[in-house]
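Asker: Here it is, the structure, as structure tokens.
What follows is calculated from the coordinates using simple rules that are stated; it is not laboratory data. Predicted, not measured: the structure shown is a model, and the values here were computed from it. Neighbour counts are summed over all protein chains in view; Cβ atoms, including those assigned to glycine, are modelled from backbone coordinates with ideal geometry.
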């Protein structure tokens, strides 16, 4: 899921025309070694924190169906995680950096969620909304100054971007659907006999046809009452 959010952010920034102007989009940490290796205008989208949204945790499972509507698996409910990114720009002049940072900010604030066209993999399969937020609240993740201190660099203008994305739950395949009744093999055990039970056995079938219907073989069936019994609330 994390790499799919990375790819969606890269595609979103690419739609703003950055690659056509020679601006690179990378996910490296903006350390001193990174700045020394940089040779072109660069936008760094650095993931520095992951936190689960426990308030959105759910239990249970959801059935998956094939093209014919048959249940093929059960998947646990997804769990939601907040991904914190430090977005910075790097050019040769501060004026150019501010201009490029403004373009990136305009691109990220133009949408409240990642568009479906940039979602891939499990994010596209789930069809759930991946929201974006320019963080202005304390969620327990490291602060931006703490991140810069840990990176060993000087504080620079940056965008604290948060993405709230679902992590797919575990998938449990199910067996094929039941289409016929049980097969019973019987053997006489009342006498001494070493002869094994043979034959194809007897297949149990319900009266009235082989099609179990929408309720399957567990559907309620009318049964005759024994002599002397009465139905609840009815007559003998």
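Asker: Whole-Å semi-axes of the range 2-173's equivalent ellipsoid, largest first, each the root of 5 times a Cα gyration tensor eigenvalue?
Answerer: Working through the eigenvalues yields semi-axes of 34, 18, 13 Å.
Asker: Let me ask something else. Could you check the spin-label model distance between residue 3 and residue 99? Points 7 Å from the Cα along Cα→Cβ, value in nm.
Answerer: 3.7 nm
Asker: Something else about it: Provide 44, 158, 92 in ascending order of the number of other Cβ atoms located within 10 Å of each residue's Cβ, fewest first.
Answerer: Values: 44 22, 158 18, 92 10.
Ranked by crowding around the Cβ, least crowded first: 92, 158, 44.
Asker: Can you tell me the length gained on complete extension of the stretch residue 120 to residue 21, counting 0.36 nm per residue apart and subtracting the Cα distance? Before the final figure, lay out each step's value.
Answerer: Working: separation 99, 0.36 × 99 = 35.64 nm, distance 2.52 nm.
My answer for the length gained is 33.1 nm.
Asker: Could you list 89, 62, 23 so that the one with the fewest beta carbons within 10 Å of its beta carbon is first and the one with the most is last?
Answerer: Arranged by neighbour count, lowest to highest, 89, 62, 23 become 62, 23, 89.
Asker: Please rank 1, 70, fewest neighbouring Cβ atoms within 10 Å first, as an exposure proxy. Intermediate values should be presented prior to the final figure.
Answerer: Numbers: 1 18, 70 12.
Fewest-to-most Cβ neighbours within 10 Å comes out as 70, 1.
Asker: If you average the alpha carbon positions of the range 5-46 and of the range 102-150, how far apart do those two centres end up, in angstrom?
Answerer: Cα centres, the range 5-46 to the range 102-150: 15 Å.
Asker: Right, next: So in the range 2-173, what percent of DSSP beta bridges are antiparallel if you round to the nearest 5?
Answerer: Working: 32 of 35 bridges.
If I count the DSSP bridges inside the range 2-173, around 90 percent turn out antiparallel.
Asker: While we're here: Between residue 40 and residue 143, what FRET efficiency comes out of the Förster formula 1/(1 + (r/R0)^6) with R0 = 45 Å and r the beta carbon distance, rounded to 0.05?
Answerer: My answer for the efficiency is 0.90.
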